[in-house]
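Notes to accompany the following structure.
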Amino acid sequence: MKKTYKIDVDCANCANKMEQAAKNTAGVADATVNFMALKMNVEFEEGVDVKAVMAEVLANCKKVEDDCEIFL
């Protein structure tokens with residue numbers, strides 16, 4: 001399953017940090033961040049709870065970039 005989320009991030013380097021944090025989250029098969037469009041595309045592993053995984057993605061992104069936001 002793939003979903004797209006609107007994000008708020010200040011710079012391209014921060015967006016790259018968010019992408020890496022999302023990719024390293026359990027339950028995420030792949031993630032890409034488009035800084036210019038302020039969007040994050042997330043591909044989830046089969047059979048995961050999307051809301052729980054996205055809560056974990058947000059927490060992991062906040063660890064590397066504390067002023068970022070993902071609009072769930």
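The values are calculated or read from the model by the stated rules, or taken from the named source; none is laboratory data. Small disclaimer: the values here were computed from a predicted structure and weren't measured. No Cβ is skipped: glycine too gets one built from the backbone with ideal geometry, and neighbour counts run over all protein chains shown. The area values use the complete protein model at the heavy-atom level, side chains included, leaving out ligands, DNA and RNA. Shrake-Rupley method; radii C 1.70, N 1.55, O 1.52, S 1.80 Å.
Applying the selection to the range 4-24, what residues are assigned to a helix (DSSP H, G or I) and surrounded by 12 or more Cβ atoms within 10 Å (Cβ to Cβ)? Working first, answer last.
Filtering the range 4-24 down to residues assigned to a helix (DSSP H, G or I) leaves 12-23.
Within the range 4-24, C14, A15, N16, K17, M18, E19, Q20, A21, A22, K23 meet the criteria.
Would the range 16-25 turn up any residue that is small (G, A, S), touching a strand residue (DSSP E or B) at 6+ places or on another chain (Cβ under 7 Å) and in contact (Cβ under 8 Å) with a residue 12 or more places away in the chain? Lay out the reasoning, then the answer.
From the range 16-25, those small (G, A, S) are 21-22; that's our starting set.
In the following step, the residues that additionally are touching a strand residue (DSSP E or B) at 6+ places or on another chain (Cβ under 7 Å) were identified as 22.
If we keep only those that are in contact (Cβ under 8 Å) with a residue 12 or more places away in the chain too, we end up with 22.
The answer is yes, given that some residue of the range 16-25 is small (G, A, S), touching a strand residue (DSSP E or B) at 6+ places or on another chain (Cβ under 7 Å) and in contact (Cβ under 8 Å) with a residue 12 or more places away in the chain.
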Notebook entry, point to check: Are any of the residues in the range 50-61 over 9 Å from the mean Cα position of the chain (by Cα) and assigned to a loop (DSSP other than H, G, I, E, B)?
Noted result: no
Next item on the list: Mind listing whichever residues of the range 53-72 are in contact (Cβ under 8 Å) with a residue 40 or more places away in the chain, under 15 Å from Y5 (Cβ atoms) and exposed (fewer than 12 other Cβ atoms within 10 Å of the Cβ)?
Entry: F71
Next item on the list: Within the range 25-47, identify whether any single residue is in a helix (DSSP H, G or I), at pLDDT 95 or above and open to solvent by 10 Å² or more (accessible area, probe 1.4 Å), and answer yes or no.
Entry: no
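Scan V33, V50 and give me the residue that is in contact with an Asp or Glu (Cβ under 7 Å, 6 or more places away or on another chain), β-branched (V, I, T) and either in contact (Cβ under 8 Å) with a residue 24 or more places away in the chain or under 15 Å from M1 (Cα atoms) (or both). Working first, answer last.
Details: V50 fails: in contact with an Asp or Glu (Cβ under 7 Å, 6 or more places away or on another chain).
Exactly one residue qualifies, and that residue is V33.
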